[in-house]
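Every read-out reported here was derived from the displayed coordinates using simple, explicitly stated rules and does not represent laboratory data. What you see is a predicted model, and the numbers here were worked out from it, not measured in a lab. Note that we place each Cβ from the backbone using ideal geometry, even for glycine, and neighbour counts take in every protein chain shown.
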Amino acid sequence: MRSPQTCRVLLLAEGAYRAMLLVYPADHRCEYGPLMVQMFRDRCRDVRRQKGNRGLVRLWWRVLKDTLVTAVVEHLDELKERSRRMTKRQQTLVAVCALGPLVLWVGLFVINPAFTSRVLVNPLGWLIVMAVFLLLSLGYILQRGVLTHSSETSSMHLLMHRPALRAAFLLGTVVLLVLPAAALIIFGPAIVTLLTMTGQ
């Protein structure tokens with residue numbers, strides 16, 4: 001019979017593993033999640049019995065590496081599958097929304113490199129760069145998700161199959177994510193300069 005401490009350790013490990021599975025795409029989790037948790041639970045129990053806590057640490061190290069690699073592969077496969085379901089027009093729309101502000105950034109750098117490069121030589125500027133990439137990445141992911149929903153029956157999927165709601169959602173991602181990213185690109189050097197001057 002297992003001790004209460006062993007049960008606690010195994011329950012904590014399983015809970016942490018369930019949380020870690022969130023890095024996989026939702027479809028993959030639905031299909032394979034329960035089996036993966038069961039295999040992990042069995043493996044933890046065996047390793048804990050044979051090698052103790054030190055064995056569990058080694059197991060976790062392998063699981064972390066494997067999870068990161070396979071999660072990236074699964075996300076790339078899902079992106080390829082979704083791309084096949086998108087029309088050329090939809091792919092162009094998403095690409096323009098994601099890459100348009102970056103093209104603007106390059107254009108501004110060509111026009112006035114001294115002013116634009118202030119963002120890259122200041123820690124505050126790097127926060128702006130990270131915010132721009134975060135906003136554009138989030139916009140890209142949401143737009144692709146809306147345009148490539150499969151024919152599932154959840155309320156979100158049913159809503160997104162209505163053209164007016166889908167158009168409103170896409171417009172919302174542009175207004176709330178893409179335009180603020182473009183504004184940070186345009187006004188970022190001025191913001192950095194102003195904050196640097198007030199900080200001195």
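Give me Arg166, Arg48 ranked fewest to most by other Cβ atoms within 10 Å of their Cβ, as a rough exposure proxy.
Ranking Arg166, Arg48 by Cβ neighbours within 10 Å, fewest first, gives Arg166, Arg48.
For Cα pairs less than 8 Å apart in space and 6+ apart in sequence, what is the mean separation divided by the residue count of the chain, i.e. the relative contact order in percent?
Contact order relative to length: 21 percent.
For each of Glu14, Glu31, count neighbouring Cβ atoms within 10 Å of the residue's Cβ, then give the residues from fewest to most.
With the sparsest Cβ surroundings first, the list reads Glu31, Glu14.
Could you derive backbone 3J(HN,Hα) for the range 12-23 from the dihedral phi with the Karplus parameters 6.51, -1.76 and 1.60 (θ = phi - 60°), listing whole Hz in sequence and x where the residue is Gly or Pro?
Per residue, the Karplus-derived 3J(HN,Hα) values read 5, 4, 5, x, 5, 5, 4, 5, 5, 5, 5, 6 Hz.
Where Rh is the Kirkwood radius over the Cα pairs of the range 1-60, the temperature 10 °C and the viscosity 1.306 mPa s, what D in µm²/s does Stokes-Einstein return?
131 µm²/s
Using a cut-off of 26 Å between alpha-carbon atoms, which lysines can reach Lys80, once sequence neighbours fewer than 8 places away in the same chain are excluded?
Of all the lysines, those that pass the test against Lys80 - Cα under 26 Å, at least 8 places apart if same chain - are Lys65, Lys88.
From the phi angles alone, apply the Karplus equation (6.51, -1.76, 1.60; θ = phi - 60°) to the range 57-62 and give each ³J(HN,Hα) in whole Hz, x where the residue is Gly or Pro.
Once rounded to whole Hz, the list reads 4, 5, 4, 4, 4, 5.
Which FRET efficiency, nearest 0.05, do Leu99 and Thr67 yield, Cβ-Cβ r, R0 35 Å?
0.70
How big is the Cα convex hull of the range 87-199 in projection, averaged over all directions, in nm²?
Result: 8.3 nm².
So for Trp61, Trp126, fewest C-beta neighbours within 10 Å to most, what's the order?
Trp61, Trp126
With Rg and Dmax of the Cα atoms in Å as the read-out, I listed (i) 17.8, 56; (ii) 16.6, 51; (iii) 23.2, 73; which label goes with the value calculated from this structure?
Evaluating Rg and Dmax of the Cα atoms in Å on these atoms matches (iii).
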